[in-house]
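Colleague: The structure under discussion is supplied below as structure tokens; questions concerning it will follow.
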Amino acid sequence: MSDWFKQAVVYQVYPKSFQDGNGDGMGDLRGVMQRLDYIKALGANVIWLNPVYENSGVDGGYDISDYRKIAPEFGTMEDFEALLEAAHARGLRIVMDLVVNHTSTEHAWFRESRRDKTNDKRSFYVWRAPFEGGAPNRLRSVFSGSAWRKDEATGEYYLHMFANEQADLNWHEPRVREGVYDMMRWWLDKGIDGFRMDVINMIGKPEEALIADGRAEMDICNGPREHEYIREMNREVLSRYDIMTVGETAGTPPEEALRYASLDGGELNMIFQFEHMEVDGGRFGKWSTNRASLPKLKAVLARWQTALHGKAWNSLYWDNHDQARCVSRFGSDRDEASRVRSAKMLAACLHMMQGTPYIYQGEELGMTNYPMRSIEESRDVEAINAWHELVEEMHLLTPQEMMEAIRSKGRDNARTPMQWSAEANAGFTAAQPWMPVNPNYVTINAAQQEGDPDSVLSFYKALIRLRRKNPVVIDGDFTLLMPEDEQVFAYTRCDGKHTLLVACNFSDAPAKLDVQAASRGKRLLGNYQSAGEADTLRAWECRIDLTE
Ligand code: GLC
Ligand code: CA
């Protein structure tokens with residue numbers, strides 16, 4: 001098994017918001033093709049493409065009705081093949097989203113399954129009888145409300161851990177697993193380079209969580225048969241191809257990651273852990289305006305770095321299509337200077353850790369959160385459902401409080417169109433965009449940053465070049481410095497020959513560095529022109545120094 005996944009720098013494309021290629025206001029595959037040179041110039045060598053399959057339009061493509069078809073809004077299978085070929089011609093690999101915890105209720109399997117209790121495909125999904133006339137138990141959907149929905153045809157309930165239209169597959173049914181493996185082979189035989197596996201730690205659900213006894217409000221992640229299924233998938237499919245795999249696994253501690261992402265290659269190459277995304281949560285989970293406490297954030301990330309070193313492999317991310325923009329969330333978008341400095345600082349802090357970095361479209365420009373005015377503007381089923389529950393049904397948050405929470409953590413922030421230029425609609429489309437463009441595109445856009453050596457974009461390019469030149473970035477161990485400090489995130493990476501010192505100021509006030517963290521060696525990269533004092537970091541400053 002080759003380990004190119006360790007050398008990968010992944011650029012995530014959310015196709016609906018990346019580039020419109022046919023003037024209908026929605027991004028598409030032809031649009032992605034037009035921008036391959038941009039991704040190549042950044043230095044990334046892998047693209048993760050969010051779902052482009054036929055879907056029912058409820059959850060940004062995560063409600064798939066046919067795994068083997070391209071959704072018409074994104075183009076055709078010919079467009080996909082052309083994109084794959086064009087990417088490969090540039091040395092770029094394409095990793096596809098694999099969404100197999102659930103299908104759309106419009107999928108042929110579900111349409112059959114729901115027909116009657118004795119249907120051949122009944123067992124493809126999780127059906128339960130009512131309990132005392134209501135839902136089988138108290139399991140809750142990640143998108144608010146009960147995870148059970150009554151289906152009139154038979155009077156039974158089906159399980160949906162996400163939207164009503166996303167029915168959970170029953171992985172305990174061998175024919176489901178075979179069907180999924182077949183479909184995976186079909187895509188891999190087309191030449192794709194791997195999978196990002198959606199909520200993959202939910203497939204081995206514990207049977208106890210699914211009993212119709214009115215109780216069971218338990219965690220269904222990382223269930224007892226989880227690793228058995230992933231290992232089977234590895235044997236049947238993954239190990240037969242030269243590919244990269246990454247599992248999305250919220251609620252997973254490092255001890256579990258040692259199994260999922262073990263370097264022995266029996267399961268996946270790496271997982272997306274969520275602990276650092278939960279540090280700024282509140283009473284209602286993600287719906288809060290809290291800022292992360294730096295000591296907590298550092299403790300989480302350091303724990304992952306040291307626990308996996310030499311045994312498993314980390315993925316590194318701040319942003320994706322489900323998260324708020326990191327510059328607004330962990331840095332500052334208050335003014336242009338703070339935005340540029342803090343976006344670079346966050347990039348340096350993340351990219352110098354051990355693991356495969358993921359850059360979400362626009363992150364490399366320092367794109368910010370979107371100033372949404374009212375819930376009517378939201379296009380996100382998660383935010384809209386949470387609004388109904390927390391504001392309208394339970395009156396736990398006022399409309400103002402919830403709007404602030406959505407502005408600070410909602411997924412819409414990540415899904416506004418990519419800001420290519422200062423032209424109309426940021427150069428994303430000539431038509432009315434499916435979702436509003438962030439008004440700050442006039443100053444924050446790729447065209448403006450491309451020629452500017454001090455731009456956030458140029459800094460990302462420099463970081464990637466630095467990774468390619470210095471093997472210590474890939475192999476070195478990790479030591480956290482100044483763990484309790486409220487402003488400074490500093491660490492070293494060491495491979496016995498070279499030591500990298502990375503020092504970042506997560507605040508807009510000057511910060512003192514202790515002796516170990518003080519600047520030394522040769523400056524490889526920083527976000528200030530002048531060297532500055534060895535033992536002090538300026539506002540949002542970051543430094544990467546190398547000693548041999
Ligand atoms: C994952 C996806 C998210 C989607 C959910 C349900 O978390 O990243 O966008 O809504 O799974 O498929
Ligand atoms: Ca289009």
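Colleague: Restricting attention to region 12-34, which residues are outside any helix (DSSP H, G or I), within 22 Å of the chain's Cα centre (by Cα) and not charged (D, E, K, R)?
Modeller: Within region 12-34, Gln12, Val13, Tyr14, Phe18, Gln19, Met26, Gly27 meet the criteria.
Colleague: Given (1) in contact with a Cys (Cβ under 9 Å, 6 or more places away or on another chain); (2) assigned to a strand (DSSP E or B); (3) in contact (Cβ under 8 Å) with a residue 40 or more places away in the chain, identify the lone condition not met by Arg493.
Modeller: Of (1) in contact with a Cys (Cβ under 9 Å, 6 or more places away or on another chain); (2) assigned to a strand (DSSP E or B); (3) in contact (Cβ under 8 Å) with a residue 40 or more places away in the chain, only one is false for Arg493: (1).
Colleague: Right, another one. Being in a loop (DSSP other than H, G, I, E, B) and among the β-branched types (Val, Ile, Thr) is the filter; apply it to region 247-274 and report the residue that is farthest from the chain's Cα centre (by Cα).
Modeller: For region 247-274, the residue satisfying everything is Thr252.
Colleague: Looking only at residues in region 324-344 that are touching a Leu at 6+ places or on another chain (Cβ under 7 Å) and within 20 Å of Leu537 (Cα to Cα), which one is surrounded by the fewest Cβ atoms within 10 Å (Cβ to Cβ)?
Modeller: Ranking the candidates gives Phe330 first.
Colleague: Check Ile47, Ile64 and return the single one that is under 19 Å from the mean Cα position of the chain (by Cα), under 30 Å from Lys469 (Cβ atoms) and of a type in the set (Val, Ile, Thr).
Modeller: Details: Ile64 fails: under 30 Å from Lys469 (Cβ atoms).
So the residue among Ile47, Ile64 that is under 19 Å from the mean Cα position of the chain (by Cα), under 30 Å from Lys469 (Cβ atoms) and of a type in the set (Val, Ile, Thr) is Ile47.
Colleague: Scanning for something in contact (Cβ under 8 Å) with a residue 12 or more places away in the chain, over 19 Å from Arg215 (Cβ atoms) and within 16 Å of ligand 1 (Cβ to nearest atom), does region 133-141 turn up at least one residue?
Modeller: no
Colleague: Counting only residues that are in a helix (DSSP H, G or I) and crowded, with 21+ Cβ neighbours inside 10 Å, which one in region 97-118 is farthest from ligand 1 (Cβ to nearest atom)? Let's see the steps before the verdict.
Modeller: Keep residues of region 97-118 that are in a helix (DSSP H, G or I), which gives 108-113.
Still in the list and also crowded, with 21+ Cβ neighbours inside 10 Å: 110, 113.
Numbers: Phe110: 15, Ser113: 19 Å.
Only one residue tops the list, namely Ser113.
Colleague: Is there any pair with a first residue in region 523-536 that is charged (D, E, K, R) and a second that is crowded, with 16+ Cβ neighbours inside 10 Å and assigned to a loop (DSSP other than H, G, I, E, B) whose Cβ atoms are under 7 Å apart and which are 6 or more apart or on different chains, and what are they?
Modeller: Asp535/Leu513; Asp535/Ala518
Colleague: Hey, another quick one. Can you confirm whether Ala503 is in contact with a Lys or Arg (Cβ under 9 Å, 6 or more places away or on another chain) and either assigned to a loop (DSSP other than H, G, I, E, B) or of a type in the set (Phe, Trp, Tyr) (or both)?
Modeller: no
Colleague: I need the full set of residues from region 413-431 which are of a type outside the set (A, V, I, L, M, F, W, C), in a loop (DSSP other than H, G, I, E, B) and touching an Asp or Glu at 6+ places or on another chain (Cβ under 9 Å), in order please.
Modeller: Across region 413-431, the qualifying residues are Pro417, Thr429.
Colleague: On the basis of being out of contact with any Leu (no Cβ under 7 Å at 6 or more places or on another chain) and either basic (Lys, Arg) or away from ligand 2 (no atom under 16 Å from the Cβ) (or both), does Met197 make the cut?
Modeller: no
Colleague: Please find, among Phe506, Phe459, the residue that is over 30 Å from Asp37 (Cβ atoms) and surrounded by 18 or more Cβ atoms within 10 Å (Cβ to Cβ).
Modeller: Phe506
Colleague: Consider Ser146 against the criteria (1) closer than 23 Å to Val391 by Cα; (2) in contact with a strand residue (DSSP E or B) (Cβ under 7 Å, 6 or more places away or on another chain); (3) in contact (Cβ under 8 Å) with a residue 12 or more places away in the chain; (4) more than 16 Å from ligand 1 (Cβ to nearest atom): it satisfies all of them except one. Which criterion is unmet?
Modeller: All conditions are met except number (3).
Colleague: I'd like the full set of residues that are under 17 Å from Arg111 (Cα atoms), part of a loop (DSSP other than H, G, I, E, B) and either within 13 Å of ligand 1 (Cβ to nearest atom) or over 26 Å from the mean Cα position of the chain (by Cα) (or both), limited to region 149-172.
Modeller: Listed by number, the residues that qualify are Asp151, Glu152, Ala153, Thr154, Gly155, Glu156, His160, Ala163, Asn164, Glu165.
Colleague: If you go through region 296-311 one residue at a time, do you hit one that is under 15 Å from the mean Cα position of the chain (by Cα) and either away from ligand 2 (no atom under 16 Å from the Cβ) or surrounded by 24 or more Cβ atoms within 10 Å (Cβ to Cβ) (or both)?
Modeller: Looking through region 296-311, none of the residues is under 15 Å from the mean Cα position of the chain (by Cα) and either away from ligand 2 (no atom under 16 Å from the Cβ) or surrounded by 24 or more Cβ atoms within 10 Å (Cβ to Cβ) (or both).
Colleague: Restricted to region 432-446, and to residues that are without any contact (Cβ under 8 Å) to a residue 40 or more places away in the chain and either among the hydroxyl-bearing types (Ser, Thr, Tyr) or part of a loop (DSSP other than H, G, I, E, B) (or both), which residue is farthest from ligand 2 (Cβ to nearest atom)?
Modeller: Tyr441
Colleague: Condition first: crowded, with 22+ Cβ neighbours inside 10 Å and either away from ligand 2 (no atom under 15 Å from the Cβ) or among the charged types (D, E, K, R) (or both). Now tell me which residues in region 16-38 satisfy that.
Modeller: If the condition is that a residue be crowded, with 22+ Cβ neighbours inside 10 Å and either away from ligand 2 (no atom under 15 Å from the Cβ) or among the charged types (D, E, K, R) (or both), then Lys16, Asp20, Asp28 are the ones that fit.
Read-outs: derived from the displayed coordinates by stated rules, not from any lab. Everything numeric in this text was worked out from a predicted model, so none of it was measured. Here Cβ is always computed from backbone atoms with ideal geometry, including for glycine, and neighbour counts include all displayed protein chains.
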